[in-house]
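One structure is given below, encoded as structure tokens.
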Amino acid sequence: MRRSDRRPEVKTPPRWRFPDPTRLWLDNGMQLMACHREGQHVAAVSLVFDAPLNAEPVDVEGVATITQRCLDEGTATHPGPSFAEALEDIGALLSGSAGYSGSELTLEVPADRLDEGLALLAEVVREPELRPDDVARHRTLRLAEIDQLLANSAHRASVAFRAATIPGRYRAARMVGGTAQSVAAITHADVVSFHERHYRPDGATLIISGDLSGREFGRAAAVFGDWTNPPEGYFTHEVPQQRSPRCWLIDRPGAVQADVRLGSFGIDRGDPRWADLQVATHALGGAFLSRLNRVLREEKGFTYGAHLVNTPMRDGGLISVQGSFRTEVVAEAASLARDILDLTGKPITTVEVADAVSFTNGVAPLRYSTAQGVTDRIAALVRDGVNVEFVNANFQALTLVTPDSATQSILELLPLDGLSLVVVGDAAALQGPLQAEGWPVVLHD
């Protein structure tokens, strides 16, 4: 056979697009979404409930978390440990979480055992045992978890920054899983009541991704279609507002480093500035050689890493510089970070915009190359009330960002006179230097 001397033609690859799921609504109000991903033989399933944390009674905040953690301890059909055994028999993994915008259960199961997996998932939400001893055990575990989390200065800083930027009347100002006081007050009756009121088909969304056969909707309808809604329990989502700036110093006596959060209340994905802010945060603190990391780590050696993190919520969001710094340099580091956020004389450049857009759009095909990646992304958007079409629209919006629009987003959303500062470290060593740098810090519990 004669070998051709012609080089193969290399064509321009088609523009990547996030998959558009097939949709169906059951008569009880439950939405079904399916994304066929050829070759993905482990199906990724997510069941999202429109049960925001502001639906929790204030005195038992954390009940959503305890309820979610008790669901897989046994069902009416598979009581006690037999439910875990049933999952193991089909090679399935079930997990879940409760968040500010809703609760979620996730299931990974071989695609050829999806029927059985969906049946077990339906048992968990429709007929969980919710035994008193399981509630008591998970309450105890959560109390220990709270102590452990608050002993971690990075987590403590993030919790305090949320409280510093969101007024206390909003549930979003407090920890997802509740405080020690509210969790200790949760009873078995509270868990049963929360489940009965808020685990309901209307407003729930079932998402399935994987190498699908086309019969998934029929399978889902068979186990969820006759599920009926309770008479009450629906809650509207809160819309948090911004709190006036705070400068808090939380004491960790003897700590040799401090965790810092500097920023403000931000925006959600529905804001027209979202793409501009994505580009700007990447340029300032989203890459290894971004401005914050280049100065605070590479040039000054103050930290192992400094980042500008943009965290959207269903309504609003949080934007903050985050890093851990040696105690003796914290005051200088905080002031340098503030200077870097001041773009009045140092706007975002054309090169920085190009790098941010290239990175964000370039990693998407990898990020969503698995069934789990696709399901997780859709579930996150559903929780926050965003259409799946947002993903592709945002890719296009990123290409329209200019240096001026990216710069303006930071000037508007992180004004220097509107920044909150939270520092968790040795107050005796930090308070004087911070005040000398112009930070009016006060001790905060």
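Since every read-out is calculated from the coordinates, none of them should be taken as a lab result. A quick note: this is a predicted structure, and the numbers were derived from the prediction, not measured. Positions of Cβ are generated from backbone atoms using ideal geometry, with glycine treated the same way; all protein chains shown enter the neighbour counts.
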Exercise for the section: Rounded to whole Å and ordered largest first, report the semi-axes of the equivalent ellipsoid of segment 156-242 derived from its Cα gyration tensor (root of 5λ). Expected result: 34, 19, 14
Problem - Calculated from backbone phi, Karplus (6.51, -1.76, 1.60) coupling profile of segment 67-78 in Hz, x at Gly/Pro - result: 4, 4, 6, 8, 4, 8, 7, x, 10, 4, 6, 10
Handout entry: Dimensionless Rg ratio for segment 398-442, taking C-alpha atoms and the 2.2 N^0.38 Å reference
Key = 1.73
Practice task
Evaluate the distance, in nm, between pseudo-label points positioned 7 Å from the Cα of Ser369 and of Glu332 along their respective Cα→Cβ axes.
Solution key: 4.3 nm
Practice task
Read phi for every residue in segment 130-142 and hand back ³J(HN,Hα) as whole Hz from Karplus 6.51 cos²θ - 1.76 cosθ + 1.60, θ = phi - 60°, with x for Gly and Pro.
Solution key: 6, 6, x, 5, 5, 4, 4, 5, 5, 5, 5, 5, 5
Exercise for the section: Taking the Cβ of Met313 as the centre, find all other residues whose Cβ is under 12 Å away and add up their charges (Lys, Arg: +1; Asp, Glu: -1). Expected result: 0
Completion exercise
About its Cα centre, the chain carries a charge dipole, from +1 on Lys and Arg Cβ atoms and -1 on Asp and Glu Cβ atoms, whose size in debye to the nearest 20 is 1380 debye
Problem - Using θ = phi - 60° and Karplus 6.51 cos²θ - 1.76 cosθ + 1.60, couplings along segment 338-352 (whole Hz; Gly, Pro as x) - result: 4, 4, 5, 6, 7, 9, 4, x, 9, x, 4, 9, 4, 5, 5
Fill in the blank from the handout: Ranking Leu414, Met175, Ala280 by how far each Cα lies towards the positive end of the charge dipole of the chain (+1 on Lys and Arg Cβ, -1 on Asp and Glu Cβ), the top one is Ala280
Completion exercise
Residues whose modelled amide H sits under 5 Å from the amide H of Gly203, counting only those 5 or more places away in sequence or on another chain, are Gln31
Fill in the blank from the handout: Between the modelled labels at Ala76 and Glu129 (7 Å from Cα along Cα→Cβ) the distance in nm is 1.5 nm
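What do you get for Rg/Rh of segment 198-288 when both radii come from the Cα atoms and Rh is the Kirkwood radius?
On the way: Rg = 22.7 Å, Rh = 19.6 Å.
Rg divided by Rh gives 1.16.
So if I average 1/r over every pair of distinct C-alpha atoms in segment 1-90 and take the inverse, what Kirkwood radius in Å does that give?
On the way: mean 1/r = 0.0522 Å⁻¹.
Result for segment 1-90, one decimal place: 19.2 Å.
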Handout entry: Whole-percent pair-distance distribution, where bins are 5 Å wide, for the alpha carbons of segment 116-261
Key = 1, 7, 12, 13, 13, 14, 13, 11, 8, 4, 2, 1, 0
Exercise for the section: Could you pull out every residue, at least 5 positions away or on a different chain, whose amide H is within less than 5 Å of the one on Gln40? Hs are placed 1.01 Å off N in the peptide plane, and Pro or chain starts have none. Expected result: Asp211
Completion exercise
Amide H neighbours of Cys247 at under 5 Å, excluding residues fewer than 5 places away on the same chain, with H built from the backbone geometry, are Leu421, Val442
Fill in the blank from the handout: Connecting every pair of Cα atoms under 10 Å apart in the chain and solving the GNM, the largest mean-square fluctuation among Gly270, Gly117, Gly214 falls on Gly214
Fill in the blank from the handout: Along principal axes, largest first, the alpha-carbon spread of segment 39-97 in whole Å comes out as 43, 31, 14
Handout entry: Most mobile listed residue (Asp417, Asp271, Asp59) in the chain, GNM with C-alpha springs under 10 Å
Key = Asp417
Exercise for the section: Kindly provide the pair-distance distribution of segment 53-186 built from C-alpha pairs, with 5 Å bins from 0 and whole-percent values in order of increasing distance. Expected result: 2, 10, 17, 19, 18, 13, 10, 8, 4, 1
Handout entry: Global size of the chain as Cα Rg and Dmax, reported in angstrom
Key = 24.3, 83
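Once you have the Kirkwood Rh of segment 247-443 from its Cα pairs, apply Stokes-Einstein at 25 °C and 0.890 mPa s and quote D in µm²/s. If you can, show how the numbers build up before the last one.
On the way: Rh = 17.7 Å.
This corresponds to a translational diffusion coefficient of 138 µm²/s.
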